[in-house]
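See below for the structure under consideration.
Please treat every number below as a calculation from the coordinates, not as lab data. This structure is a prediction, so every number in the text was calculated from the model and none was measured. So basically every Cβ, Gly included, is an ideal-geometry build from the backbone, and we count neighbours across all protein chains shown.
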Amino acid sequence: MAPAGFLSKKRMEDFLKEIGKDALVHVPVLEGNVVVFRPYGQNQTINLERPANAPPKAVIFPQSDTFFTFRFIKDPQDPKKVSVEINPPSDFPEAIIFGCRPCDAKGFKIYDKVYIEANGPDPYYMGRREKTTIITLACPAPSAGCFCTALGGGPAEKDGSDILMTDVGEGFYLEPVTEKGDKLLKAQGVAQLIEDGAKYGQEATKRQKDTHDSVKKPFESINYRDLSRDLFDDDRFWEEMVSKCISCGACTYLCPTCYCFNITDEKTLEQGERLRSWDSCMFKHFTLEASGHNPRPTKFKRYKNRIGHKFLWYPEKYEEIIACCGCGRCIRYCPVSVDISEIVSNLRKTE
């Protein structure tokens with residue numbers, strides 16, 4: 001693994017152009033008052049000062065993903081005989097996510113357990129995952145609602161990143177984390193833009209620690225065994241905790257670890273496509289059965305399911321890993337300020 005390097009802020013545009021020669025680079029861009037990830041191009045205002053409003057999960061897990069297109073072909077000799085031609089995607093493009101936060105990268109590790117390691121890999125997710133390099137930026141300061149350290153992460157967490165950047169004032173301290181990240185930094189054109197980072201290591205470590213120590217901790221640590229099952233199964237608790245929820249689904253769409261989806265066929269008379277689209281467990285129709293029965297008809301039962309999935313059932317199945325990275329987006333952008341960290345804190349067992 002190559003030693004850490006240093007990228008001057010004056011050379012950032014050159015760096016993005018260089019890594020964009022062989023890959024589609026997704027960068028956080030300021031549009032109005034919102035920061036979103038967009039393919040890198042001209043006349044953009046790149047924003048690294050605050051986390052993007054939504055994580056870049058759509059790069060690897062698109063909001064609407066075409067599994068395959070299909071076409072109905074009639075036999076000209078026998079019109080009653082129809083065959084179906086299916087055309088799956090042949091390949092996935094090389095991609096780079098630049099400037100996301102460590103919690104965003106950690107979110108993909110939650111996806112990996114489901115879409116790669118369990119029950120056979122999902123070829124669509126895995127195809128994009130393998131061709132995507134993730135360059136994260138250590139958080140210069142915590143944002144409202146962040147509680148990553150309470151979940152074992154941190155504003156300079158490396159898990160899920162290929163390269164970790166730390167702002168050290170006049171530039172960025174670059175630490176290769178994986179072979180993929182190391183290869184990118186050693187590429188000829190990129191290496192010419194990178195300086196020796198040895199003298200910036202101490203400053204980077206100090207800034208990382210200062211930010212880490214300033215993140216709020218609604219609880220010291222959490223394990224799925226720490227949650228009270230009696231309280232979790234108490235409907236009155238959930239009715240009180242989420243009475244103001246309006247079931248808008250923003251918390252799930254903005255979450256780096258939520259992966260609920262629906263599959264539909266969209267077609268005309270002779271052709272169409274099969275799509276996987278994001279869905280939300282907070283929507284009433286998500287569990288609505290054809291019979292009209294809904295096992296989760298109320299919002300508090302739906303929210304209970306969301307918390308249960310992240311903090312009980314996922315860790316029970318996947319090596320005690322909590323399916324929440326503490327990014328705080330669901331707290332910051334909830335229109336009625338439902339606080340997941342407060343709810344989980346209230347669920348913890350007491351003496």
With each pseudo-label sitting 7 Å past Cα toward Cβ, what's the His293-Ile246 distance in nm, one decimal? 3.3
Applied in sequence order to region 26-42, the curve 6.51 cos²θ - 1.76 cosθ + 1.60 (Karplus, θ = phi - 60°) yields integer Hz couplings, x standing for Gly and Pro, of 9, 10, x, 10, 7, 10, x, 10, 10, 9, 10, 8, 9, x, 5, x, 7
Residues whose built amide H sits under 5 Å from the amide H of Val35, excluding neighbours closer than 5 in sequence, are Asn53
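What whole-number volume per residue, in cubic angstrom, does the convex hull of the C-alpha atoms of region 102-162 give?
Numbers: hull volume 5.4 nm³, N = 61.
Looking at region 102-162, the number lands at 88 Å³ per residue.
Suppose R0 equals 35 Å; then what is the FRET efficiency for Thr178 and Asn33 from their Cβ-Cβ distance, rounded to the nearest 0.05? If you can, show how the numbers build up before the last one.
On the way: r = 34 Å, r/R0 = 0.98.
That gives a FRET efficiency of 0.55.
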Once amide hydrogens are built 1.01 Å from N within the peptide plane, the residues lying 5 or more places from Val168 or on another chain with amide H under 5 Å from its amide H are Tyr173
Report the gain in length on full extension from Leu231 to Lys199: 0.36 nm times residue separation, minus Cα-Cα distance, nm rounded to one decimal. 6.3 nm
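Only Lys, Arg, Asp and Glu count, each charged at its Cβ (+1, +1, -1, -1), so figure out the dipole size of the chain about its Cα centre, rounded to 20 debye.
Working: 49 positive and 50 negative charges, 113 e Å.
About 540 debye.
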When the expected Rg is taken as 2.2 N^0.38 Å, what fraction or multiple of it is the alpha-carbon Rg of region 223-351? 1.18
Diagonalise the Cα gyration tensor of region 242-296 and give the resulting equivalent ellipsoid semi-axes, square root of 5 times each eigenvalue, largest first, whole Å. 26, 17, 8
Report, please, the projected area of region 60-157 averaged over directions, based on the convex hull of its C-alpha atoms, in nm². 9.5
Quick check: Cα centre of region 1-58 to Cα centre of region 121-151, how many Å? 14
Taking the radius of gyration and the Kirkwood hydrodynamic radius from Cα positions alone, what is the Rg/Rh ratio for the chain, to two decimal places? 1.01
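Once Rh for region 209-281 is found with the Kirkwood sum over Cα pairs, what is the Stokes-Einstein diffusion coefficient at 20 °C and 1.002 mPa s, in µm²/s?
Details: Rh = 17.0 Å.
The Stokes-Einstein estimate is 126 µm²/s.
Taking the number of other C-beta atoms within 10 Å as the exposure measure, put Trp278, Trp238 in order starting with the fewest. Before the final figure, lay out each step's value.
Numbers: Trp278 19, Trp238 23.
Ranking Trp278, Trp238 by Cβ neighbours within 10 Å, fewest first, gives Trp278, Trp238.
Cβ neighbours within 10 Å, averaged per peptide: list 193-199, 280-286, 315-321 in order, most packed at the top. The partial results should precede the final answer.
On the way: 193-199: 15.3, 280-286: 16.9, 315-321: 13.6.
Descending packing order for the listed peptides: 280-286, 193-199, 315-321.
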Name the long-range amide H neighbours of Gly145: under 5 Å, sequence gap of 5 or more, or other chain; modelled H, no Pro or chain starts. none
Work out from phi, with θ = phi - 60° and the Karplus expression 6.51 cos²θ - 1.76 cosθ + 1.60, the ³J(HN,Hα) of each residue of region 321-334, listed in order in whole Hz, and give x for Gly and Pro. 7, 6, 8, 8, 9, x, 5, x, 4, 5, 8, 4, 10, 5
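Are any of the pairs Lys131/Lys217; Lys113/Lys244; Lys106/Lys217; Lys10/Lys186 more than 27 Å apart by Cα-Cα distance, and if so, which? All intermediate terms of the calculation are to be shown ahead of the outcome.
On the way: Lys131/Lys217 35 Å; Lys113/Lys244 33 Å; Lys106/Lys217 18 Å; Lys10/Lys186 20 Å.
Over 27 Å apart, Cα to Cα: Lys131/Lys217; Lys113/Lys244.
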I need the phi-derived Karplus couplings for region 48-54: 6.51 cos²θ - 1.76 cosθ + 1.60, θ = phi - 60°, integer Hz, Gly and Pro marked x. 10, 6, 9, x, 4, 4, 10
Sorted by mean Cβ packing within 10 Å, highest first, what order do the peptides 218-224, 162-168 take? 162-168, 218-224
